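So the structure is just underneath, and the comments pick up after that.
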Amino acid sequence: MSNEHDDTKAGDANDQLEPAGGGDRREVDALGLDNPARRKFLTRTAVGGGAALAGLAAGYGAIEYSVQGRPSKNYPEIDEAIFKPKDQRDVVLTFANSKALNEKHPERNEQYNRLQKKEFDFVAGFRDMYAKPWDNNKPGYTQMDRALQLAGWHPLGVAGSRKSANLQPNTPLHSWDQSDVEEEQYKFDDKQAASDAIKSAARVFGAVKCGIARQDKRWDYDPLYDLETNQELSWEEDFPFKPKSVIVMLTPQDYDCVATAPAWTADGTYGAGYTQMGIQADQMAKFLRAMGYHAVSAGNDLGSSVPYAIMAGLGEGARNGTLIAPLVGPRIRICKVYTDFDFVEYDQPHTWGITDFCLSCGKCAEACPADAIPLPSDKNGGYGFEPSYEFSDEPGYTWNNHHGIKKFYSDAKKCYNFWVENGGGCGACIASCTFNEPDFWHHKFILGITPASPKPLHALMAQMHPAFGYGHTNDPAKAEKFWKTGEGMRVNSSMKNNIGTSNKS
Ligand code: SF4
Ligand code: SF4
């Protein structure tokens with residue numbers, strides 16, 4: 001009854017409070033604004049709420065600032081006595097796809113099989129990989145999973161650029177042909193405007209991040225190698241122009257699909273990622289040629305993608321051999337565009353404390369089914385100028401590593417061997433990574449505090465990651481779950497998969 005009374009009183013007082021456009025007076029009355037004590041309470045609440053909101057905004061601002069990272073002067077650290085340009089023929093994917101190189105280096109196969117106690121045929125590997133029969137009673141290895149795998153890669157094959165994944169240069173999407181370079185060159189007002197324009201275009205082409213580095217001979221394969229003709233290619237004699245800049249773009253991969261690793265399902269998003277980056281890189285190269293500058297796009301070919309992405313300020317090198325980019329982690333593909341356009345503001349390496357974090361973590365190494373990644377307990381924590389994994393002291397065993405750069409070294413031969421046995425890619429080291437998380441706000445917070453937090457806390461954070469349900473691999477339930485994450489795609493209220501996660505795993 002008292003409420004009835006209050007309502008009656010409020011009716012008189014609130015004549016002045018009624019909004020100009022009319023409205024339901026009862027809603028205003030319900031606030032009790034006629035009551036001085038109530039008004040005081042609401043005022044204090046508003047002031048307190050405002051302060052809390054301001055605090056949250058400041059905190060969020062600090063997190064956003066930390067997502068930018070800090071410029072790093074420490075990358076790269078090079079041991080000049082050991083370092084030399086990387087010969088493309090010494091990259092496992094090129095070697096494994098060349099009968100000629102296998103015949104030239106029988107000692108590599110012999111040594112690997114003797115030390116690993118295997119009968120593994122590098123050059124027959126890719127042929128065998130996709131020949132494995134499916135099993136519809138084995139989640140992640142069914143006909144549907146195989147279909148997703150094949151479909152992911154299919155457009156790249158149709159375009160004639162499937163071999164770019166194995167570093168084959170000059171394929172149709174990454175053609176060296178420069179006959180369509182416009183005669184008139186578009187002129188930018190200043191370097192910042194040029195960089196902004198290139199990155200705006202990158203977003204339209206589907207990149208989640210884009211940075212620009214100077215061309216750097218240290219990261220280019222030299223000599224290049226044509227897998228089809230078994231010929232060396234020279235930057236000076238064969239490449240169509242002298243490159244000055246390398247535009248680096250990141251393509252996201254689906255969180256829920258990667259979570260199924262090492263099942264065939266995950267290969268669906270790896271193949272789709274390769275396809276997307278092939279198209280994206282081709283579009284960026286065409287954009288530059290249409291503005292009157294020479295440009296050639298690349299997938300895995302031409303140069304080592306991870307150091308170029310680090311030089312372009314996009315992330316840091318990680319224990320699992322990938323680039324870890326803030327907010328997307330290692331769940332990305334990297335493509336590049338070489339151009340002679342150099343009127344740009346170049347990016348520079350940044351740090352978020354990620355490489356440092358890897359020294360105390362090691363979840364990727366624990367998850368690796370091939371034992372191809374060094375553990376923190378290994379010599380130097382697996383970090384240094386030379387590989388330190390099993391058999392790395394054996395002369396010739398580390399022919400595939402780029403010696404002389406301070407980084408984590410893994411055994412890509414064992415990794416490739418597992419792909420063949422598995423019948424598809426793997427990526428357990430991506431799925432299990434502490435930085436492979438959906439883009440939730442609390443993950444931004446963790447990224448924000450990582451550089452300032454002590455090392456023991458890093459180890460604890462790595463342990464907490466699985467405790468919160470992230471990062472466990474080799475789980476058939478993940479594949480079953482993945483095939484249900486399409487529910488809600490018509491509405492897609494979160495739009496989360498625009499950075500590669502449906503938010504459902
Ligand atoms: S892809 Fe798989 S096998 Fe290769 S390094 Fe990563 S976890 Fe190991
Ligand atoms: S799992 Fe840990 S050690 Fe491995 S790459 Fe990710 S953060 Fe680094």
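We did not get these values from a lab; they are worked out from the coordinates using the rules stated. Everything quoted here is computed from the prediction, not taken from an experiment. Positions of Cβ are backbone-derived with ideal geometry, glycine not excepted, and every protein chain shown enters the neighbour counts.
Out of region 369-394, which residues are assigned to a helix (DSSP H, G or I), more than 14 Å from ligand 1 (Cβ to nearest atom) and either small (Gly, Ala, Ser) or touching a Cys at 6+ places or on another chain (Cβ under 6 Å) (or both)?
Just the residues of region 369-394 that are assigned to a helix (DSSP H, G or I), to begin with: 379-382.
From the residues that got through so far, the ones that are more than 14 Å from ligand 1 (Cβ to nearest atom) too are 379-381.
Gly381 - this is the single residue of region 369-394 that is assigned to a helix (DSSP H, G or I), more than 14 Å from ligand 1 (Cβ to nearest atom) and either small (Gly, Ala, Ser) or touching a Cys at 6+ places or on another chain (Cβ under 6 Å) (or both).
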Against the condition within 16 Å of ligand 2 (Cβ to nearest atom), surrounded by fewer than 24 Cβ atoms within 10 Å (Cβ to Cβ) and within 16 Å of Val258 (Cβ to Cβ), how does Leu359 come out, does it pass? no
Checking Phe122 against (1) of a type outside the set (A, V, I, L, M); (2) surrounded by fewer than 18 Cβ atoms within 10 Å (Cβ to Cβ); (3) closer than 19 Å to Leu93 by Cβ: exactly one of these is not met. Which one? (2)
For Gln149, indicate whether it is of a type in the set (S, T, N, Q), under 26 Å from Thr260 (Cα atoms) and surrounded by fewer than 21 Cβ atoms within 10 Å (Cβ to Cβ). no
List every residue pair whose Cβ atoms sit under 9 Å apart, with the two residues 6 or more apart in sequence or on different chains, where the first one lies in region 351-368 and is within 15 Å of Lys73 (Cα to Cα) and of a type in the set (S, T, N, Q) and the second, anywhere, is outside any helix (DSSP H, G or I) and within 12 Å of ligand 1 (Cβ to nearest atom). Thr355/Ala318; Thr355/Arg319; Thr355/Phe408
Asp177, sole failed condition from (1) surrounded by 13 or more Cβ atoms within 10 Å (Cβ to Cβ); (2) outside any helix (DSSP H, G or I); (3) not small (Gly, Ala, Ser): (1)
Checking the structure you have, find out if any residue of region 338-345 is of a type outside the set (Val, Ile, Thr), in a strand (DSSP E or B), within 12 Å of ligand 2 (Cβ to nearest atom) and touching a residue at least 24 places away in the same chain (Cβ under 8 Å). no
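Yes/no matrix, rows are residues, columns are (1) surrounded by 24 or more Cβ atoms within 10 Å (Cβ to Cβ); (2) part of a helix (DSSP H, G or I); (3) touching a residue at least 40 places away in the same chain (Cβ under 8 Å):
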| residue | (1), (2), (3) |
| --- | --- |
| Phe241 | no, no, yes |
| Gly278 | yes, yes, yes |
| Gly292 | no, no, yes |
| Ser297 | yes, no, yes |
| Ile310 | yes, yes, yes |
Among residues of region 123-155 being over 27 Å from the mean Cα position of the chain (by Cα) and among the hydrophobic types (A, V, I, L, M, F, W, C), the residue nearest to Ala96 (Cα to Cα) is Val123
Conditions (1) among the aliphatic types (A, V, I, L, M); (2) assigned to a loop (DSSP other than H, G, I, E, B); (3) free of Cβ contacts under 8 Å to residues at least 12 places away in the same chain -> Ala193 fails only (2)
I'm told Lys336 meets every condition in (1) buried (at least 24 other Cβ atoms within 10 Å of the Cβ); (2) within 20 Å of Thr473 (Cα to Cα); (3) charged (D, E, K, R) except one. Can you identify the failing condition by its number? (2)
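Only one of these is more than 16 Å from ligand 1 (Cβ to nearest atom) and surrounded by fewer than 23 Cβ atoms within 10 Å (Cβ to Cβ): Gly315, Gly303, Gly353, Gly321. Name it.
Working: Gly315 fails: surrounded by fewer than 23 Cβ atoms within 10 Å (Cβ to Cβ); Gly303 fails: surrounded by fewer than 23 Cβ atoms within 10 Å (Cβ to Cβ); Gly321 fails: more than 16 Å from ligand 1 (Cβ to nearest atom).
Checking each option against the conditions leaves just Gly353.
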